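Participant: Take this structure, written in structure tokens, and hold onto it; I'll ask about it next.
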Amino acid sequence: MTKVLATASVALMAALAAAQTDPAIQQISSRLTPNDLKADVSFLASDLLQGRATPSPGLDIAAEYIAAQFRRAGLEPAGDDGYFQTALYANVTPNLEGLELTLETAGNTVRAHPESMALQQAFAADFSRLPMVKATGSDAAAIAALTPEQVRGKVLVLDFSQDANPRAMMPVMRQLPATAARLQPALVALLRAGASPSAMTARLREMSPSSSTPVLIVWDDAIRAALAATGTTDAAISVHIPPPTVVPVKLHNVIGVLRGSDPALRDTYALVTAHYDHLGVRGAGDGDHIYNGANDDGSGTASVIEIAQALAALPARPKRSIAFIAFFGEELGLVGSRYYGAHPVFPLAKTVADLNLEQLGRTDVDGGSSVGLVNVTGYDFSTITGTLRQAGQDTGLQVVKNAQLNVRYFAQSDNQALADAGVPAHTLSVGYAFPDYHQPGDEWPKLDYDNLAKVDLTVALAVFRLANSLETPQWNADIPDTGRYIKARQDSLGK
Ligand SMILES: [Zn+2]
């Protein structure tokens, strides 16, 4: 006990000493307040915004709010439309009415029931009496042995109907895009014993021509029986799939810049990012169906806003520029950050770091309490963690490594899209599992705003120091996981 107190008081004295030596700490903390953060989160996570689904009017209101706060901070707009980076997508819904599949074998014609089929992605198709090639779905070796000469232009039937365990499908399904690209079938039909859990209802897709092979999932008993009874040489398949409904949607990453002061370094960038979307409204009936997403990731979005305000108000600018980005579409699978990675506003080679902020508000996390600490994903992956740790020492916040989860969660947020583009990038979280994770109960009164302000002070100090340093953050080459990021970095630097 005594020892703990002694350690705590040493940490406190170190923090006080640093506060005296680095005036930025006091300057930032005086402008980055719990109430400011609460104001942002309570608006973003209000029922009015209906859970900020991608796409939705609530998401667009959130984007306008973030842009307004960037305007208040005096950030430079960096989108194509003010602070908005416009991304054109389409919401594509398959049209299952009129879906037809007919199997003709010697003297026998079987028609699938429309409700015993599903599409894996939306597409239109009209094929008449195509020959087919059949393989057992779980037999990866047999599929690998097929040649383009055998399969090209035909229907490739992968029969999973003997596999009760859906896991048997996984290895082949993972390989399916590559298999289809190699064999070039006109259509892939996946034969299952029961209804497909992965059938597509609606999906967001970037507006660009898609060349992937259509995949039809079939669990129709009559078709399965007929296929089981026939060889592949004497069967023909006809398919009619009506065109999907395509609704164009405009989505926005919100981007503002605090311009750096150094003539040589102001065109290099440190990023502070978070996703502003959440899960929207789900389900029906009695009870709360709005997934407010206060901690996930209203807390990160509010932090991006308030860190921007605080750093913009400092008497001196850092040498490099700091860009603040709120991404759409994280909950759909990093869609907004992947879009940014493919359409970067700032050259990736000149982007030195990304601090991505997720789930910073709840301290009742991971089965305990995490007041006074922040986790970093990919803790040992780059030199950024060292800068964070130093900032934490100076502010009295522990920057901790979750031994089990820091590597696994590296891929679970938008930092991954930047890392894939070579930019040293981590996600900071107060905790990973919290009681209302992806539930309607993730609401703004449950956040610890005093702790959030303390975490944000540390993040702001760290990003200010990163941006003010002549040194560029580096991936750690001693860690095997970083190999592909180092390669991506070298590619973007043209080395
Ligand atoms: Zn999140």
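The values are calculated or read from the model by the stated rules, or taken from the named source; none is laboratory data. Since the model is a prediction, treat every value here as computed from it, not as a measurement. We place every Cβ from the backbone using ideal geometry, glycine too, and count neighbours over all the protein chains shown.
Participant: Out of the residues in segment 276-303 that are more than 16 Å from the ligand (Cβ to nearest atom) and crowded, with 16+ Cβ neighbours inside 10 Å, state the one that is farthest from the chain's Cα centre (by Cα).
Facilitator: If we take residues in segment 276-303 being more than 16 Å from the ligand (Cβ to nearest atom) and crowded, with 16+ Cβ neighbours inside 10 Å, then Ile290 is farthest from the chain's Cα centre (by Cα).
Participant: Separate question: Among the listed residues Thr86, Thr147, Thr109, Thr179, which satisfies the condition of being modelled with pLDDT under 95, of a type in the set (Ser, Thr, Tyr) and either surrounded by fewer than 17 Cβ atoms within 10 Å (Cβ to Cβ) or out of contact with any helix residue (DSSP H, G or I) (no Cβ under 9 Å at 6 or more places or on another chain) (or both)?
Facilitator: Thr109
Participant: Taking Asn406 and the conditions (1) surrounded by 21 or more Cβ atoms within 10 Å (Cβ to Cβ); (2) within 13 Å of the ligand (Cβ to nearest atom); (3) not hydroxyl-bearing (Ser, Thr, Tyr), which numbered condition does it fall short on, given that it satisfies the others?
Facilitator: (2)
Participant: Select from segment 81-116 the residues that are assigned to a loop (DSSP other than H, G, I, E, B) and more than 22 Å from the chain's Cα centre (by Cα) and list them in ascending order.
Facilitator: Passing the criteria: Gly82, Pro94, Asn95, Leu96, Glu97, Gly98, Leu99, Ala106, Gly107, Ala112, His113.
Participant: Just to check your reading of the model, which residue among Gly51, Gly74 is buried (at least 21 other Cβ atoms within 10 Å of the Cβ), in contact (Cβ under 8 Å) with a residue 40 or more places away in the chain, touching a helix residue (DSSP H, G or I) at 6+ places or on another chain (Cβ under 8 Å) and not β-branched (Val, Ile, Thr)?
Facilitator: Gly51
Listed here are the residues, each with its yes/no results for (1) on the phi < 0 side of the Ramachandran plot; (2) within 13 Å of the ligand (Cβ to nearest atom); (3) surrounded by 24 or more Cβ atoms within 10 Å (Cβ to Cβ).
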| residue | (1), (2), (3) |
| --- | --- |
| Arg317 | yes, no, no |
| Leu332 | yes, yes, no |
| Gly336 | yes, yes, yes |
| Val352 | yes, no, no |
| Arg362 | yes, yes, yes |
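Participant: Starting from segment 258-275, take each residue that is closer than 17 Å to Ile305 by Cβ and within 16 Å of the ligand (Cβ to nearest atom) and list its partners that are among the charged types (D, E, K, R) and assigned to a loop (DSSP other than H, G, I, E, B), counting only C-beta distances under 6 angstrom and pairs at least six apart or across chains.
Facilitator: Thr273/Asp414; His275/Asp414
Participant: On to the next question. Taking Phe327 as meeting all but one of (1) without any contact (Cβ under 8 Å) to a residue 24 or more places away in the chain; (2) in contact with a Ser or Thr (Cβ under 6 Å, 6 or more places away or on another chain); (3) within 16 Å of the ligand (Cβ to nearest atom), write down the number of the exception.
Facilitator: Unmet condition: (1).
Participant: What's the total number of residues in segment 325-338 that are farther than 18 Å from Phe70 by Cβ and out of contact with any Leu (no Cβ under 8 Å at 6 or more places or on another chain)?
Facilitator: Total satisfying the criteria: 4.
Participant: I've got another one for you. Could you list, in sequence order, all residues of segment 321-349 that are charged (D, E, K, R) and out of contact with any strand residue (DSSP E or B) (no Cβ under 6 Å at 6 or more places or on another chain)?
Facilitator: Result: Glu331, Arg338.
Participant: With respect to Ala270, is the statement that it is within 21 Å of Leu334 (Cα to Cα), out of contact with any Pro (no Cβ under 6 Å at 6 or more places or on another chain) and hydrophobic (A, V, I, L, M, F, W, C) true?
Facilitator: Taking the combined requirement at face value, the residue satisfies it.
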